[in-house]
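> Pasting a structure below so you can have a look.
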Amino acid sequence: MFNIRNTLWIFCGEGNWYSEEGKNWTKAELPALGLRTGYQQYVQFNDAVYALGTMEGNYLDLKVGSRISRTSSDLKRWEVIAEQSELPGRVFYGATVFAGKIWLLGGFDGKNYYNDVWNSADGVHWRRVAEKSPWSPRSNPSAIVFKNQIWLIGGGIIDGQISNDVWRSADGINWTRVADKMGKKSVFGFSAVVYDDKIWLVGLNRNDGFRNAVLVSGDGVTWQEQAAPWTPRGGVATCMLGGKLFMTGGKYSVTENGNIKFIYSNDVWYLSPSSK
């Protein structure tokens, strides 16, 4: 979810939607890119939204493409700026925008996990600035910008060890470990966002189930857990608009007849300064 020209936008595999206040939504003329972008990243860069790469299959048997697309200036169409770019062939990486460049951290290529760092000034040409960072190779790290630095939060091995640490860097090359862990239990599946000069982790999963809680920290070291009013879920989308922090989507799982079933949500919530 993005704040584009003071409007909330949600990019989905089956269509894109926008809203000025989060309550009334309109399906956009901008077409969906399709399910081939399901595990890839979108970033807001140079007054456009960039879609980084494509993917076929699932994480156990995947084929990754390097096509780069971006939204047109009128937000009505996608422009393919490169069918074949230098984007690293992987999924489940952290992506953010910092110092006029798109940054890519870690990820998974179907066989290997990475702890390298790449950046690009145009989304097409990519340069690896760190081959082996001090944080462990991982998938699904959250990458955000906080206090003029890149922060890497969490991640881990698919169906395996969860990394519950926090790191920061002023240049993407030299990293400082801020915290070994965020609280007593490992968390994953959250959306990391900066709001009210704090880091918020929204939509927490734990190995013992989904939670309707958030973790908040002003320094990345000390984390406070707060209850949230929505149903337990992970995999949410977050965005700021008009001084409010918005949250939507997510999913949780139930077991029926020995099979795991995911329940998806599309409600919208917001946190305002007066409600904190």
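> Give me a count of the residues in the range 132-161 that are of a type outside the set (Val, Ile, Thr), touching a residue at least 60 places away in the same chain (Cβ under 8 Å) and surrounded by fewer than 22 Cβ atoms within 10 Å (Cβ to Cβ). I'd like the intermediate steps shown before the answer.
Initially, the range 132-161 is screened for residues of a type outside the set (Val, Ile, Thr), giving 132-143, 146-149, 151-152, 154-156, 159-161.
Still in the running and touching a residue at least 60 places away in the same chain (Cβ under 8 Å): 146, 151, 155.
Next, only the ones that are surrounded by fewer than 22 Cβ atoms within 10 Å (Cβ to Cβ) stay: 146.
Of the residues in that region, 1 qualify.
> Give all pairs with beta carbons closer than 8 Å in which a residue from the range 35-55 that is charged (D, E, K, R) meets a residue that is modelled with pLDDT under 95; count only pairs at least 6 apart in sequence or on separate chains.
Close Cβ pairs satisfying both conditions: Arg36/Thr54; Arg36/Met55; Arg36/Glu56; Arg36/Gly65.
> Sticking with this structure for a sec: Condition first: of a type in the set (Ser, Thr, Tyr) and under 15 Å from Val43 (Cβ atoms). Now tell me which residues in the range 137-156 satisfy that.
Ser142
> May I ask you to say which residue of Gly57, Gly53, Gly15 is loosely packed, with under 13 Cβ neighbours inside 10 Å, within 16 Å of Arg90 (Cα to Cα) and of a type outside the set (A, V, I, L, M)?
Just a single option satisfies the conditions, and that option is Gly57.
> Another question, if that's okay. Pull out all pairs, ordered by first then second residue, where Cβ-Cβ is under 6 Å, the residues are six or more apart or on different chains, the first lies in the range 193-206 and is on the phi > 0 side of the Ramachandran plot, and the second is part of a strand (DSSP E or B).
Every condition considered, the pairs that remain are Gly203/Ser191; Gly203/Gly234; Gly203/Val236; Gly203/Gly250.
> Tell me, please, whether a residue that is assigned to a strand (DSSP E or B) and either in contact with a Pro (Cβ under 9 Å, 6 or more places away or on another chain) or under 30 Å from Thr176 (Cα atoms) (or both) can be found in the range 26-39.
No, the conditions are met nowhere in the range 26-39.
> Looking at Thr255, Thr176, can you tell me which residue is modelled with pLDDT under 90, more than 25 Å from Tyr18 (Cβ to Cβ) and over 18 Å from the mean Cα position of the chain (by Cα)?
Thr255
> Given the residues Glu21, Glu56, Glu29, which is the only one that is at pLDDT 95 or above, farther than 27 Å from Gly100 by Cα, in contact with a Gly (Cβ under 9 Å, 6 or more places away or on another chain) and not polar (S, T, N, Q)?
Sole residue among the options that is at pLDDT 95 or above, farther than 27 Å from Gly100 by Cα, in contact with a Gly (Cβ under 9 Å, 6 or more places away or on another chain) and not polar (S, T, N, Q): Glu21.
> Please work out which residue is farthest from Val43 (Cα to Cα), limiting yourself to the range 195-213 and to residues that are modelled with pLDDT of 95 or more and not acidic (Asp, Glu).
Checked the range 195-213; the qualifying residue farthest from Val43 (Cα to Cα) is Lys198.
> Okay, next question. Take Ser85 and decide whether it is crowded, with 22+ Cβ neighbours inside 10 Å and more than 30 Å from Lys147 (Cβ to Cβ).
no
> So, one more: Can you say whether Phe92 is aromatic (Phe, Trp, Tyr) and touching a residue at least 60 places away in the same chain (Cβ under 8 Å), as far as the supplied structure shows?
When the stated conditions are applied, Phe92 passes them.
> In this structure, is Thr26 loosely packed, with under 15 Cβ neighbours inside 10 Å and free of Cβ contacts under 8 Å to residues at least 60 places away in the same chain?
Yes, satisfied.
> I need a count of the residues in the range 221-252 that are part of a strand (DSSP E or B) and surrounded by 13 or more Cβ atoms within 10 Å (Cβ to Cβ).
Final tally of qualifying residues: 18.
> Now for a separate question. For residues that are in a loop (DSSP other than H, G, I, E, B) and polar (S, T, N, Q), scanning just the range 162-214, find the one that is surrounded by the most Cβ atoms within 10 Å (Cβ to Cβ). Outline the logic, then answer.
Going residue by residue through the range 162-214, those that are in a loop (DSSP other than H, G, I, E, B) are 163-165, 170-174, 180-187, 189-190, 196-197, 203-204, 207-208, 211-212.
Okay, now just the ones that are also polar (S, T, N, Q), so 163-164, 174, 186, 207, 212.
Details: Ser163: 24, Asn164: 19, Asn174: 11, Ser186: 17, Asn207: 9, Asn212: 15.
Ranking the qualifying residues of the range 162-214, first place goes to Ser163.
> Return the pairs, sorted by first residue and then second, in which the second residue is of a type outside the set (Lys, Arg) and assigned to a strand (DSSP E or B), the first residue lies in the range 251-269 and is over 17 Å from Gly203 (Cα atoms) and without any contact (Cβ under 8 Å) to a residue 24 or more places away in the chain, the beta carbons are less than 9 Å apart, and the residues are 6+ apart or on different chains.
Within 9 Å, the pairs are Ile260/Ser253; Ile260/Val254; Lys261/Ser253; Lys261/Val254; Lys261/Thr255.
> Also, I was wondering about something else. Say we look at the range 60-82 and pick out the residues that are in a loop (DSSP other than H, G, I, E, B) and at pLDDT 95 or above; which of these is surrounded by the fewest Cβ atoms within 10 Å (Cβ to Cβ)?
Taking the candidates together, the pick is Asp74.
> Next question, about the same structure. Just checking, does the range 218-229 include any residue being touching a residue at least 60 places away in the same chain (Cβ under 8 Å) and either within 30 Å of Ala130 (Cβ to Cβ) or touching a Cys at 6+ places or on another chain (Cβ under 6 Å) (or both)?
Checked the range 218-229: at least one residue is touching a residue at least 60 places away in the same chain (Cβ under 8 Å) and either within 30 Å of Ala130 (Cβ to Cβ) or touching a Cys at 6+ places or on another chain (Cβ under 6 Å) (or both).
The values are calculated or read from the model by the stated rules, or taken from the named source; none is laboratory data. These numbers were taken from a predicted model, which means no experiment stands behind them. When we count neighbours, we look across all protein chains shown, and the Cβ atoms used for this are built from the backbone with ideal geometry, even at glycine.
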